[in-house]
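The values are calculated or read from the model by the stated rules, or taken from the named source; none is laboratory data. All values reported here derive from a predicted model rather than from experimental measurement. Using ideal geometry, Cβ is built from the backbone for each residue, glycine included, and neighbour counts are taken over all protein chains shown.
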């Protein structure tokens, strides 16, 4: 479920409001200042709940559907080093227990030049987040879904250098 789909879902409920409530909501949204975790969607949801247009159960259903469809969206808010070195390495190790943290116990010549070891193969973990470079906003709002057809930029020259530096 995308933010656009959430917006469309909420628009269905907004259209059921009386005209004066729709005008009031629109006016308040025009002047709304958003600061995490308080944003436009949270405001609309609370407004609709206040007017008894949605139930708490409907809110929970929407929230659960969005969270399950975007379970890695929070990674866009992590600093690059934490995203790659801490989350990325651990995620690979969680996916396949054969990955081991590289150290002198698995490779006597290890001096920090790579991150993981799997069956004699040295693995340097690099992580990047695909974002819509044409969109303004924070990284989370610019995140591209894996099924997106929007173009994104990847530095293949750097990837080539990383592979060469690792000896492949």
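Which residues, taken from the stretch 76-92, are surrounded by 12 or more Cβ atoms within 10 Å (Cβ to Cβ) and either at pLDDT 90 or above or out of contact with any strand residue (DSSP E or B) (no Cβ under 9 Å at 6 or more places or on another chain) (or both)?
Those that are surrounded by 12 or more Cβ atoms within 10 Å (Cβ to Cβ) and either at pLDDT 90 or above or out of contact with any strand residue (DSSP E or B) (no Cβ under 9 Å at 6 or more places or on another chain) (or both): 77, 78, 82, 83, 84, 85, 86, 87, 88, 90, 91.
Looking at the structure I just gave you, is residue 41 buried (at least 17 other Cβ atoms within 10 Å of the Cβ) and within 22 Å of residue 144 (Cβ to Cβ)?
Answer is no for this residue.
Search the stretch 8-25 for residues being without any contact (Cβ under 8 Å) to a residue 12 or more places away in the chain and under 28 Å from the mean Cα position of the chain (by Cα), and hand back the single one that is farthest from residue 141 (Cα to Cα).
Among those residues, the one meeting the criterion is 12.
Tell me which of these residue 154 doesn't satisfy, since it passes every other one: (1) at pLDDT below 85; (2) in the same structural domain as residue 40 (by TED's automatic domain parsing).
Here residue 154 meets the rest and fails (2).
Of the residues 65, 22, 98, 28, which is at pLDDT 90 or above, surrounded by 10 or more Cβ atoms within 10 Å (Cβ to Cβ) and assigned by TED's automatic domain parsing to the domain that holds residue 139?
Residue meeting the stated conditions: 98.
Scan the stretch 117-140 residue by residue and report those that are within 20 Å of residue 70 (Cα to Cα) and surrounded by 14 or more Cβ atoms within 10 Å (Cβ to Cβ).
127, 128, 129, 130, 131, 132, 140
For the stretch 37-52, enumerate the residues that are touching a helix residue (DSSP H, G or I) at 6+ places or on another chain (Cβ under 9 Å) and not in a helix (DSSP H, G or I).
Correct list: 51 only.
Which ranges mark the helices (runs of 4 or more DSSP H) fully within the stretch 53-151 that have 1 or more residues being touching a helix residue (DSSP H, G or I) at 6+ places or on another chain (Cβ under 7 Å) and either touching a residue at least 60 places away in the same chain (Cβ under 8 Å) or on the phi > 0 side of the Ramachandran plot (or both)?
So the answer is 56-69, 139-142.
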